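Supplied in structure tokens, the structure appears directly below.
The values are calculated or read from the model by the stated rules, or taken from the named source; none is laboratory data. Just so we're clear, the structure is a prediction, and the values are computed from it rather than from any experiment. Virtual Cβ from ideal backbone geometry, glycine too; neighbours counted across all protein chains shown.
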Amino acid sequence: MKCPFCGFDDSKVIDSRPNDDKIRRRRECIKCHGRFTTYEAVEMPLLMVEKRDGTYETFDRNKLIKGIFTAIKKRPVTIDQVSEIADHVENYYANALKTIARSKEIGDIVLDELRTIDPIAYIRFASVYKDFTDIDSFVAAISEFESETEGRPSDKE
């Protein structure tokens, strides 16, 4: 690791500890004895998203989070929950060693997560993701959601 003070190419690690999803390392330059901190993180493989029209674009975590935030506006969903959904999507493809994801698959993963968090956010996200064009589409989605949750025990019980 190059020293930020003198530019020497070698340093030694004094301390190393986990910090969130990274490793924090305290280093000391062997030449000038200057101390500095570095962070080590796992590099995720490049994930490409196949859109509905057949075009490809790189996966953009911020774009996904922005879409989820639109669905959870004024709902009791925390920023941490949204971040966990985005993490879940990224980790799903990284663990499966996939480099191409269909936008439909990503939408399904997000819907599954929102279904357990907030029903209104689920319907809002579904309305954009499934491209509802009329009231019947909303009614069908709500009916589907209700029939799926009828068999599950309620949090209020």
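Quick one: what pairs do we get from the stretch 40-56, first residue within 20 Å of Asp131 (Cβ to Cβ), second in a loop (DSSP other than H, G, I, E, B), C-beta under 8 Å, 6+ apart or different chains?
So the pair list comes out as Val49/Phe59.
Quick test of your reading of the structure: Thr133 fulfils all but one of (1) assigned to a loop (DSSP other than H, G, I, E, B); (2) of a type in the set (S, T, N, Q); (3) within 22 Å of Asp21 (Cα to Cα). Name the failing condition by number.
Every condition holds for Thr133 apart from (3).
Scan the stretch 77-91 and give yes if some residue there is surrounded by fewer than 14 Cβ atoms within 10 Å (Cβ to Cβ), of a type in the set (S, T, N, Q) and farther than 26 Å from Ala141 by Cβ, otherwise no.
So far as the stretch 77-91 goes, yes, one or more of its residues are surrounded by fewer than 14 Cβ atoms within 10 Å (Cβ to Cβ), of a type in the set (S, T, N, Q) and farther than 26 Å from Ala141 by Cβ.
Hey, any hits in the stretch 112-119 for a residue that's among the basic types (Lys, Arg), within 27 Å of Ile142 (Cβ to Cβ), out of contact with any Gly (no Cβ under 8 Å at 6 or more places or on another chain) and without any contact (Cβ under 8 Å) to a residue 12 or more places away in the chain?
Within the stretch 112-119, not a single residue is among the basic types (Lys, Arg), within 27 Å of Ile142 (Cβ to Cβ), out of contact with any Gly (no Cβ under 8 Å at 6 or more places or on another chain) and without any contact (Cβ under 8 Å) to a residue 12 or more places away in the chain.
If I filter the stretch 115-134 down to residues being of a type in the set (Phe, Trp, Tyr) and either surrounded by 17 or more Cβ atoms within 10 Å (Cβ to Cβ) or not assigned by TED's automatic domain parsing to the domain that holds Val82 (or both), which single residue comes out as farthest from Lys104 (Cα to Cα)?
Step by step, filter the stretch 115-134, then rank; the result is Tyr122.
Of the residues that sit in the stretch 1-39 and are under 22 Å from Asp87 (Cα atoms) and surrounded by 11 or more Cβ atoms within 10 Å (Cβ to Cβ), which one is farthest from the chain's Cα centre (by Cα)?
Arg24
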